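The values are calculated or read from the model by the stated rules, or taken from the named source; none is laboratory data. Quantities reported herein were computed from a predicted structural model and do not represent experimental measurements. Note: ideal-geometry Cβ built from the backbone for every residue, glycine included; neighbour counts use all protein chains shown. Areas reflect the complete protein model, heavy atoms only, side chains present, ligands, DNA and RNA absent. Shrake-Rupley method; radii C 1.70, N 1.55, O 1.52, S 1.80 Å.
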Amino acid sequence: MRAVARAHPNIALIKYWGKRDEALVLPMTGSLSLTLDIFPTTTSVELDALASADIVELGGETARGTAAERVTAFLDIVRRLAGSSVHARVSSRNTAPTGAGLASSAAGFAALAVAASAAYGLDLDGPALSRLARRGSGSAARSIVPGLAIWHEGDDEHSYAEPVPGPDLGMVIATLDARPKTVSSRVAMRASIDTSPFFPGWVDSTRRDLAEMLQALAAGDIERVGALTESNALRMHGVMAAARPPIRYLSPQSVRVFDLVSELRSAGLAAYATADAGPNVAVLAPAADLAAVRDALASEVPAAQLSVAHAGPGARLVGATEAAS
Ligand code: DP6
């Protein structure tokens, strides 16, 4: 069987930073994100009864090392669920510009979860797909879901993402630096748990931020949504700055964009900055204001590559699942 699926990246408004269980990828806290409508990843999975190992191709090149191992470990989970021992050919392509901080594992493992489960004949509903994607990369649990998504903390059965209603928000992605990061978020999370004295405070305050975020979204209170988004992101970066040795992903240019966004607010635009495990900044704003935010940033940071994103679709099959030729 062969199946092809497509998924989009997501950016968290309330961040996932730290695992309670590394093997099951259970988060220390819940998180909340916006799935975007740009930079999709398309992944095909084709079963090959004659193959003696999985063959993994990423962006047209055969994957080796950790990248290939993560895909094979993920397929092992799918095979266990399906009661199969057949290997597969996986081919995945993402459209994010290199280093955009969006070529992340979220879209990749969400697309792989949908394609692999279909190819192996599993019939999984949204929560089951989200739980599966989570095993590949935590944030992938949220890219199964369109638009705003909450990923619940909890045990294996209950830790999945589902949609959350809210106002029509989008993001301007400011790509500032295309170099790959030197510390993976997986490693940086572990270091934060093990060595940052702020970690317990992060867990407590993020649980409170998430509860408050749900209220703010339900009320359509964009100012509160934005303030929580920006503050939660800076707290995450503060937790890792307090690790030993310290971890810092934000560059002077990133901080400059946070300052510019603050100036845009003073000028009357509802714009709020966030950043993941890298120097690039995502600016949250009401969908109607995104063009104005982009234009304002374009004149102030001409070196940045700016991409406007709206709320995007959840991961889904593209085309019919078919018997391999
Ligand atoms: C900073 O989902 O990439 O983007 O579960 O170890 O694969 P693993 O980590 P990953 O971490 C994402 C961290 C973040 C915050 C977020 O997306 O919530």
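Looking across Ser266, Ser254, one residue alone is open to solvent by less than 10 Å² (accessible area, probe 1.4 Å) and either of a type outside the set (Asp, Glu) or under 27 Å from Arg224 (Cβ atoms) (or both). It is Ser254.
Rundown of residues vs (1) within 16 Å of the ligand (Cβ to nearest atom); (2) within 21 Å of Leu32 (Cα to Cα); (3) touching a Leu at 6+ places or on another chain (Cβ under 9 Å), yes/no style:
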{"site": "Val257", "(1), (2), (3)": "no, no, yes"}
{"site": "Leu260", "(1), (2), (3)": "no, no, yes"}
{"site": "Ser266", "(1), (2), (3)": "no, no, no"}
{"site": "Ala271", "(1), (2), (3)": "no, yes, yes"}
{"site": "Ala277", "(1), (2), (3)": "yes, yes, no"}
{"site": "Ala288", "(1), (2), (3)": "no, no, no"}
{"site": "Gln305", "(1), (2), (3)": "no, no, yes"}
{"site": "Leu317", "(1), (2), (3)": "no, no, no"}
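If you go through the stretch 167-210 and pick out every residue that is over 23 Å from Ala271 (Cβ atoms), of a type outside the set (Ser, Thr, Tyr) and either outside the structural domain of Pro252 (by TED's automatic domain parsing) or not in a helix (DSSP H, G or I) (or both), you end up with 7.
The one condition from (1) touching a helix residue (DSSP H, G or I) at 6+ places or on another chain (Cβ under 9 Å); (2) surrounded by 15 or more Cβ atoms within 10 Å (Cβ to Cβ); (3) within 24 Å of Ser105 (Cα to Cα) that Arg190 does not meet is (1). For the condition within 14 Å of the ligand (Cβ to nearest atom), within 23 Å of Leu24 (Cα to Cα), outside any strand (DSSP E or B) and of a type outside the set (S, T, N, Q), Ala149 does not qualify. If the condition is being farther than 14 Å from Val187 by Cα and of a type in the set (D, E, K, R), then the stretch 231-260 contributes Arg235, Arg256, Asp259. Taking the listed residues Ala303, Ala315, Ala277, the one that is at negative phi, loosely packed, with under 14 Cβ neighbours inside 10 Å and not polar (S, T, N, Q) is Ala303, with no other qualifying. With respect to (1) open to solvent by 50 Å² or more (accessible area, probe 1.4 Å); (2) closer than 14 Å to Asp21 by Cβ; (3) of a type in the set (Asp, Glu), the lone exception for Asp156 is condition (1).
If I ask for residues that are of a type in the set (A, V, I, L, M, F, W, C), at pLDDT 95 or above and open to solvent by 40 Å² or more (accessible area, probe 1.4 Å), which ones from the stretch 57-94 would you list? Of everything in the stretch 57-94, those that are of a type in the set (A, V, I, L, M, F, W, C), at pLDDT 95 or above and open to solvent by 40 Å² or more (accessible area, probe 1.4 Å) turn out to be Ala73, Leu81, Val86.
Please specify each residue of the stretch 235-271 satisfying the condition of being among the aliphatic types (A, V, I, L, M) and over 25 Å from Asp295 (Cβ atoms). Lay out the reasoning, then the answer.
Taking the stretch 235-271 first, the residues among the aliphatic types (A, V, I, L, M) are 236, 239-243, 247, 250, 255, 257, 260-261, 264, 267, 269-271.
Within the stretch 235-271, Met236, Val239, Met240, Ala241, Ala242, Ala243, Ile247 qualify.
Being within 13 Å of the ligand (Cβ to nearest atom), in a strand (DSSP E or B) and crowded, with 21+ Cβ neighbours inside 10 Å is the requirement here; does Leu112 meet it? When the stated conditions are applied, Leu112 does not pass them. Evaluate the stretch 96-107: report whether one residue or more is assigned by TED's automatic domain parsing to the domain that holds Val45 and surrounded by fewer than 16 Cβ atoms within 10 Å (Cβ to Cβ). Scanning the stretch 96-107 turns up at least one residue that is assigned by TED's automatic domain parsing to the domain that holds Val45 and surrounded by fewer than 16 Cβ atoms within 10 Å (Cβ to Cβ). The lone criterion from (1) more than 15 Å from the ligand (Cβ to nearest atom); (2) touching a strand residue (DSSP E or B) at 6+ places or on another chain (Cβ under 7 Å) left unmet by Gly201 is number (2). Give me the pairs: first residue in the stretch 114-139 and under 18 Å from His87 (Cα atoms), second residue assigned to a loop (DSSP other than H, G, I, E, B) and within 16 Å of the ligand (Cβ to nearest atom), beta-carbon distance under 7 Å, and six or more apart or on different chains, which are they? The qualifying pairs are Val114/Ala315.
Of the residues Val257, Val239, only one is more than 24 Å from Leu26 (Cα to Cα), at pLDDT 95 or above and not in a loop (DSSP other than H, G, I, E, B); which?
Only one candidate qualifies: Val257.
Looking only at the stretch 12-22, decide whether some residue is closer than 23 Å to Asp123 by Cβ and open to solvent by less than 40 Å² (accessible area, probe 1.4 Å). No, every residue in the stretch 12-22 fails to be closer than 23 Å to Asp123 by Cβ and open to solvent by less than 40 Å² (accessible area, probe 1.4 Å). Gly226 meets the conditions (1) farther than 14 Å from Ala174 by Cβ; (2) open to solvent by 20 Å² or more (accessible area, probe 1.4 Å) in every case but one. The failed one is (2). One residue stands out among those in the stretch 31-52 that are assigned to a loop (DSSP other than H, G, I, E, B) and out of contact with any Ser or Thr (no Cβ under 8 Å at 6 or more places or on another chain): the one that is nearest to the ligand (Cβ to nearest atom), which is Asp37.
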